[in-house]
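J.: Below is one structure. I have some questions about it.
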Amino acid sequence: MTSSTREREPRLDDAEFRSYYGRPVIKRPIWHVPHMPAYLYLGGLSGASSLMAVLARATGRPRLARTTRIAAAAGAAGGTVLLIAELGRPTRFLNMLRMFKPSSPMSVGSWILAAQGGLSAAAAASAVTGILPAAGDAAALATAVTGPLTATYTAVLVADTAVPAWHAGYRELPFLFAGSALASAGAVAMLTTPRADAGPARAVAALGAAAETAAATMLERRLGLVGEPYREGRAGRLLSAARALSAGGGLLALLAGRSRAATVASGLALTAGALCTRFGILEAGRASAADPKYTVVPQRERLDASAVR
Amino acid sequence: MAERMGFFTDTSICIGCKACEVACKEWNQLPDDGFVFEATSYDNTGALGASTWRHVAFIEQQPVWTADGTTGDGDGDGGEKPFQIGPDGRWLMSSDVCKHCTNAGCLDVCPTGALFRTEFGTVVVQSDICNGCGYCVPACPFGVIARREDDGRAWKCTMCYDRLRGGLEPACAKACPTDSIQFGPLDELRERAAARVAELHALGRTEARLYGESPDDGVGGMGAFFLLLDEPEVYGLPPDPVVPTRNLPAMWRWAGAAALTMAGAVALSFLGSSDRLLGRGGPR
Ligand code: SF4
Ligand code: SF4
């Protein structure tokens, strides 16, 4: 390098780029801990539990159907509370349903969550009280549609931002969230359902953990420079913890057999893994917004490439 | 709709007086955003925010003499460009503002409809509707809009919507003593800007370039665009901003695929569970 100007701080090991006193170009997401990642977890738990409830009912596992219906309703309700608490003006939460706006994943998601919350509550209420079983079954059946959407729309929610690590991860994030949701729901069902009925829950948990681990690995490896926040710092530590917990918990779910202790350990590990995943995703987003490198370098490369053409 | 109005900020004649910052604060009655001493330059405002709708960036560039006696252009690649930093260095000043994007990320993602497009083609938050969800904040590729934490709602430049409706120009443009901030119909401003660049190039200032004037850029053109004397990132602007929603259809397709995969995985787990195949229980 033969020349430089004083406005630029030299940064060792970093891609060469210029910035305004190293300040971030974009604003960091203002969503809070624990609200936002906990909401992602609960939405996933609710959505995947709904799917399990439908199949448990169809394959004649009443106890599993009951626990998963309750988990689906509790997840959606808890998530809704967190979502409202996250607002700057919580008393205006109904403004979310003021319009249906396809260009806004949060608008679409609010309607999905409203449907999932209502249907899963009806399904759970009917299962617990025994009142109106046919209506309860119909509501549960409808959550086979709203459930998976509740679990995956949140990936679109975070990807549809200018946050480089989130935006660039729009292919991997839905699968990560889907896997994490399955692991979460499988874990809770394993913990709350008698063993004889919990076989499919263990399978769901193991499949989910495998998908979660695979998608997280893709996310860290495939994005190049903007994938760095997933590998480094707080987010990197959370996501490696998530991987260890999910992979371990998933294996244990398959091997737990008759052991109650192993089942509990597996369920707890999977839950902790899913939570670490969600917290790690928020941290990675924050880190990628805070460093102008992730905004400037890819855009500069794009411009330089198109100038050459 | 009335004509689309905009700002053309010609940074080559900005003197860094910050009259625009003050006029904006005063007209819009924006609260104090903290008394900060940045200690990096004459800029102690730092960045645009919920209570800072105009921000004057201040960049001091000193030449570094190279072995062959020439001065560097600051891009670090060793190739000299006519940046005219000169032996005494140069100051770059630029008044930044919301770009009032043609394809605005903030507006696209706002779930409540609080953000809307006005009859002047500008993007404005309706503070009586915003519920402070905060989604617009990371959706802006320029880091413009922000939430005022004690108030809970999102705020940004309105291009003085109230003044425009009253037939006045925005407070910042009115206050700018050098006409660095020019307000007018966007088409007219674009013509004026092209002429100004040609003029500067004729004077040998080939580093002059427009930022945000092209309707073909990633945000469909900015309602507030700039004449810059260095690369956008030097001023804290993203070099090639793209509205996040441009990829939204693809995002939903991937999410849909993940949702279907999820359903498939659960179905597999239930149907593949051996106790079921062995016929224990059976569907009721
Ligand atoms: S610059 Fe940001 S805040 Fe302004 S209109 Fe564009 S996206 Fe919205
Ligand atoms: S914070 Fe307000 S203006 Fe921003 S997206 Fe949410 S409702 Fe819209």
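The values are calculated or read from the model by the stated rules, or taken from the named source; none is laboratory data. Because the structure is predicted, anything quoted here is derived from the model rather than measured. Methodologically, a virtual Cβ is constructed for each residue, glycine included, from the backbone with ideal geometry; neighbour enumeration extends over all protein chains shown.
J.: Could you tell me how many of the residues in the stretch B:87-110 are within 15 Å of ligand 1 (Cβ to nearest atom), in a loop (DSSP other than H, G, I, E, B) and more than 8 Å from every other protein chain (Cβ to nearest Cβ)?
T.: Final tally of qualifying residues: 8.
J.: Follow-up. Would it be correct to say that A:Ser120 is within 22 Å of A:Val81 (Cβ to Cβ), among the small types (Gly, Ala, Ser) and free of Cβ contacts under 8 Å to residues at least 12 places away in the same chain?
T.: No; evaluated as a whole, the condition is false for this residue.
J.: Oh, and also: Select from the stretch B:14-37 the residues that are surrounded by 14 or more Cβ atoms within 10 Å (Cβ to Cβ) and within 22 Å of B:Ile59 (Cβ to Cβ) and list them in ascending order.
T.: Within the stretch B:14-37, B:Cys14, B:Gly16, B:Cys17, B:Lys18, B:Ala19, B:Cys20, B:Glu21, B:Val22, B:Cys24, B:Asp33 qualify.
J.: Tell me whether the stretch A:258-271 contains one or more residues that are of a type in the set (S, T, N, Q), more than 25 Å from A:Tyr21 (Cα to Cα) and not in a helix (DSSP H, G or I).
T.: yes
J.: Same structure again: Considering each residue of the stretch B:243-264, count those that are within 7 Å of another protein chain (Cβ to nearest Cβ) and surrounded by 23 or more Cβ atoms within 10 Å (Cβ to Cβ), and give that number.
T.: Residues flagged as within 7 Å of another protein chain (Cβ to nearest Cβ) and surrounded by 23 or more Cβ atoms within 10 Å (Cβ to Cβ) within the stretch B:243-264 amount to 6.
Each row is one residue, and each column tells you yes or no for (1) surrounded by 16 or more Cβ atoms within 10 Å (Cβ to Cβ); (2) of a type outside the set (Gly, Ala, Ser).
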{"residue": "A:Ala209", "(1), (2)": "yes, no"}
{"residue": "A:Ala244", "(1), (2)": "no, no"}
{"residue": "A:Phe279", "(1), (2)": "yes, yes"}
{"residue": "A:Thr295", "(1), (2)": "yes, yes"}
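J.: Let me ask something else. Is it the case that the stretch B:142-164 has a residue that's touching a helix residue (DSSP H, G or I) at 6+ places or on another chain (Cβ under 6 Å), buried (at least 18 other Cβ atoms within 10 Å of the Cβ) and away from chain A (no Cβ under 14 Å)?
T.: Yes, the conditions are met somewhere in the stretch B:142-164.
J.: OK, next. Scan the stretch A:79-92 residue by residue and report those that are under 18 Å from the mean Cα position of the chain (by Cα), more than 13 Å from ligand 2 (Cβ to nearest atom) and in contact (Cβ under 8 Å) with a residue 40 or more places away in the chain.
T.: A:Gly79, A:Leu82
Quick grid of which residues meet (1) among the hydroxyl-bearing types (Ser, Thr, Tyr); (2) touching a Phe, Trp or Tyr at 6+ places or on another chain (Cβ under 8 Å); (3) over 29 Å from A:Gly75 (Cβ atoms):
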| site | (1), (2), (3) |
| --- | --- |
| A:Ala244 | no, no, no |
| A:Gly248 | no, no, no |
| A:Ala274 | no, yes, no |
| A:Ala287 | no, no, no |
| A:Asp291 | no, no, yes |
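J.: Return yes or no: is A:Gly60 within 13 Å of chain B (Cβ to nearest Cβ) and either of a type in the set (Asp, Glu) or at positive phi (or both)?
T.: The answer is yes for A:Gly60.
J.: Of these, B:Gly121, B:Gly113, B:Gly134, which one is on the phi > 0 side of the Ramachandran plot, assigned to a loop (DSSP other than H, G, I, E, B) and more than 8 Å from chain A (Cβ to nearest Cβ)?
T.: B:Gly121
J.: I need every pair where a residue in the stretch B:89-118 that is more than 11 Å from ligand 2 (Cβ to nearest atom) has its Cβ under 6 Å from the Cβ of a residue that is polar (S, T, N, Q), sequence separation at least 6 or different chains.
T.: B:Gly89/B:Gln61; B:Gly89/B:Gln62; B:Arg90/B:Gln61; B:Ser94/B:Thr11; B:Ser95/B:Thr9; B:His100/B:Thr122
J.: Of these, B:Leu260, B:Leu227, which one is in the same structural domain as B:Ala173 (by TED's automatic domain parsing), away from ligand 1 (no atom under 16 Å from the Cβ) and among the hydrophobic types (A, V, I, L, M, F, W, C)?
T.: The conditions single out B:Leu227.
J.: Test B:Gly152 against the stated conditions and say whether it is in contact with a Lys or Arg (Cβ under 6 Å, 6 or more places away or on another chain), more than 12 Å from ligand 2 (Cβ to nearest atom), of a type outside the set (A, V, I, L, M, F, W, C) and in a loop (DSSP other than H, G, I, E, B).
T.: So B:Gly152 does not fit the description; no.
J.: Here are A:Leu82, A:Leu87: which of them is within 30 Å of A:Thr295 (Cβ to Cβ), surrounded by fewer than 24 Cβ atoms within 10 Å (Cβ to Cβ) and more than 10 Å from chain B (Cβ to nearest Cβ)?
T.: Only one candidate passes the filter, namely A:Leu82.
J.: Run down B:Asp230, B:Asp216, B:Asp240 and say which single residue is at the interface with chain A (Cβ under 10 Å from one of its Cβ atoms), over 25 Å from B:Glu21 (Cα atoms) and in a loop (DSSP other than H, G, I, E, B).
T.: Answer to the check: B:Asp240.
J.: Among the numbered conditions (1) part of a helix (DSSP H, G or I); (2) more than 19 Å from A:Leu182 (Cβ to Cβ), tell me where A:Gln116 comes up short.
T.: So A:Gln116 meets the others, but not (2).
J.: For the stretch A:123-229, list the helices (runs of 4 or more DSSP H) that sit wholly inside it and hold at least 1 residues that are farther than 26 Å from A:Met106 by Cβ and at pLDDT below 95; which are they?
T.: Filter on the stretch A:123-229 gives A:199-222.
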